[in-house]
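Below: the structure, in structure tokens.
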Amino acid sequence: MTRSAPPPTPVLPARFGFHRNLLRPDDADRADRVTYIELFFDLIFVFALTQLSRFLIENQTPVGALQSGILVLALWWVWIYTTWVTNWLDPSKLPVRAAVIGLALIGLLMSTSIYESYGDRGLVFAVAYVGLQLGRTVFMVLAVARHDDELRRNFVRVLIWLSVAGIFWILGAVLPLEFRLPIWVLALAIEYVSAALGFRVPGMNSSSVSDWEVSGPHIAERSALFVIIALGESFLTTGFAFVEQEASVVGVLGVLSAFVGAVAMWWLYFDHGERAGSRAIALAEKPGRIARLAYTYVHALIIAGVVLTSVADEAVLQHPEEAMTLPVALTIAGGPALYLIGLLLFRWVVARELLVSHLVAVGLLGVAFAAAFSMSPLALGALGTGVLIVTAAWETVVRVGRGTTDEGAG
């Protein structure tokens with residue numbers, strides 16, 4: 001944990017903002033702790049991911065895939081930005097707690113509009129999304145204005161870029177429907193690219209996000225908890241799909257395959273990868289670099305892989321023995337592959353490890369996709385689960401062979 005304690009009586013040019021210092025204290029336990037109000041905020045995203053899965057299941061076309069990609073990246077962006085804010089601000093203080101509750105309410109409104117975001121509820125989604133992004137950032141500026149001038153300047157720049165993107169989110173919602181997708185792609189690109197460039201604004205002093213002082217253990221734990229949320233959502237999706245059909249042997253096999261696949265995905269992240277990331281960010285001289293690249297960008301791929309896999313599990317349950325279609329084959333093979341690619345990049349960023357097991361697994365999933373049309377969805381799903389199991393076992397054998405203990409795993 002590298003955050004410096006803010007001076008007790010700073011002399012800053014700001015003449016606005018909270019007089020009370022809302023920043024987390026320098027005490028290691030309180031600075032790194034994940035609070036219950038943050039977990040409460042996360043509950044909104046269980047519903048949001050469920051709605052996202054529902055949207056993708058019923059829009060299995062190239063356009064639908066792109067629309068779903070925009071939605072999952074937008075949801076992740078809302079969540080990770082809030083995590084950055086609660087990394088600096090102390091959620092145990094009432095103004096911060098009230099702000100998080102307010103964000104949760106807006107997040108619930110946004111979640112209810114996800115399924116029809118490219119239809120009649122596009123404006124509701126856009127307004128809620130922009131309200132979340134701008135409202136949280138304005139609160140952050142007010143919270144640090146009198147207590148940390150560098151953070152204040154940083155988040156003023158963030159606010160400028162989010163405001164520009166917000167114009168396009170709203171514009172895409174009010175223009176005719178055919179313009180919505182390309183304009184929202186532009187809006188999301190503005191947000192992601194501006195973050196990658198350090199939110200540079202002409203005429204304003206700039207600082208690298210990599211130099212931001214953050215609590216690495218807090219960000220690592222928050223990201224790991226979101227992986228758990230995504231896996232939990234996959235159980236909801238699978239469970240609802242199973243109870244809506246008559247009991248059958250193939251149905252039971254489909255549920256079993258989905259469960260074992262989720263266990264393997266959990267194992268791949270938490271047996272060693274999560275600890276490798278936590279250790280790397282805790283020891284880093286510039287934890288902001290790892291926080292931005294490994295936990296802000298790369299984790300988006302990991303979450304997208306979990307969501308796509310949950311969609312694949314439902315597709316298997318709905319059409320276990322029907323003829324294979326291209327969208328179903330893409331989701332069944334692509335979900336685990338995207339997840340493994342995300343883990344590959346994550347481990348490379350945090351530990352400079354090239355996971356041969358994951359490379360081989362992605363290759364095997366590619367072969368499985370090529371042969372998908374000679375199999376049923378249930379068979380392809382079982383094959384994908386088998387690849388995940390073998391990869392998890394391979395990684396565990398490598399970890400044990402290196403003498404890495406399992407202390408702290410799970």
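Scanning the range 181-199 for residues that are surrounded by 14 or more Cβ atoms within 10 Å (Cβ to Cβ) and part of a loop (DSSP other than H, G, I, E, B) yields 198, 199.
If a residue must be in a helix (DSSP H, G or I) and in contact with a helix residue (DSSP H, G or I) (Cβ under 9 Å, 6 or more places away or on another chain), how many such residues does the range 238-255 contain? Walk me through it before giving the result.
We begin by selecting, within the range 238-255, every residue in a helix (DSSP H, G or I); these are 238-243, 249-255.
Right, trim to in contact with a helix residue (DSSP H, G or I) (Cβ under 9 Å, 6 or more places away or on another chain) and you get 238-242, 250-255.
Summing the residues that are in a helix (DSSP H, G or I) and in contact with a helix residue (DSSP H, G or I) (Cβ under 9 Å, 6 or more places away or on another chain) in the range 238-255 gives 11.
The condition (being touching a residue at least 12 places away in the same chain (Cβ under 8 Å) and surrounded by fewer than 19 Cβ atoms within 10 Å (Cβ to Cβ)) is satisfied by just one residue among 69, 107: 69. I'd like to check something: does the range 223-230 contain any residue that is in the same structural domain as residue 278 (by TED's automatic domain parsing), in contact (Cβ under 8 Å) with a residue 12 or more places away in the chain and not aliphatic (A, V, I, L, M)? Checked against the condition, which is being in the same structural domain as residue 278 (by TED's automatic domain parsing), in contact (Cβ under 8 Å) with a residue 12 or more places away in the chain and not aliphatic (A, V, I, L, M), the range 223-230 yields at least one hit.
Cβ separations smaller than 9 Å between residues 6+ apart or across chains give the following pairs from the range 38-62 residues that are closer than 21 Å to residue 228 by Cβ to residues that are surrounded by fewer than 16 Cβ atoms within 10 Å (Cβ to Cβ) and of a type in the set (Phe, Trp, Tyr): 50/240.
Against the conditions (1) touching a residue at least 24 places away in the same chain (Cβ under 8 Å); (2) not assigned by TED's automatic domain parsing to the domain that holds residue 314, residue 253 satisfies every one except (2).
Evaluate the range 285-305: report whether one residue or more is in contact with a helix residue (DSSP H, G or I) (Cβ under 6 Å, 6 or more places away or on another chain) and farther than 25 Å from residue 194 by Cα. Give the derivation first.
First, the residues of the range 285-305 that are in contact with a helix residue (DSSP H, G or I) (Cβ under 6 Å, 6 or more places away or on another chain): 286-296, 298-305.
After this cut, where a residue has to be farther than 25 Å from residue 194 by Cα as well, the list is none.
So far as the range 285-305 goes, no, none of its residues is in contact with a helix residue (DSSP H, G or I) (Cβ under 6 Å, 6 or more places away or on another chain) and farther than 25 Å from residue 194 by Cα.
Among the conditions (1) in a helix (DSSP H, G or I); (2) more than 20 Å from residue 67 (Cα to Cα); (3) out of contact with any helix residue (DSSP H, G or I) (no Cβ under 6 Å at 6 or more places or on another chain); (4) at pLDDT below 95, the only one that residue 178 does not satisfy is (2).
The criterion of at least 1 residues that are within 22 Å of residue 377 (Cα to Cα) and within 20 Å of the chain's Cα centre (by Cα) is met, among helices (runs of 4 or more DSSP H) falling completely within the range 260-343, by 299-318.
Considering 354, 359, the condition of being among the aliphatic types (A, V, I, L, M), surrounded by fewer than 19 Cβ atoms within 10 Å (Cβ to Cβ) and outside any helix (DSSP H, G or I) is satisfied by 354 alone.
The values are calculated or read from the model by the stated rules, or taken from the named source; none is laboratory data. Treat the numbers as computed from the prediction; the structure is a model and nothing was measured. Cβ sites come from the backbone with ideal geometry, for glycine too, and all protein chains shown count toward neighbours.
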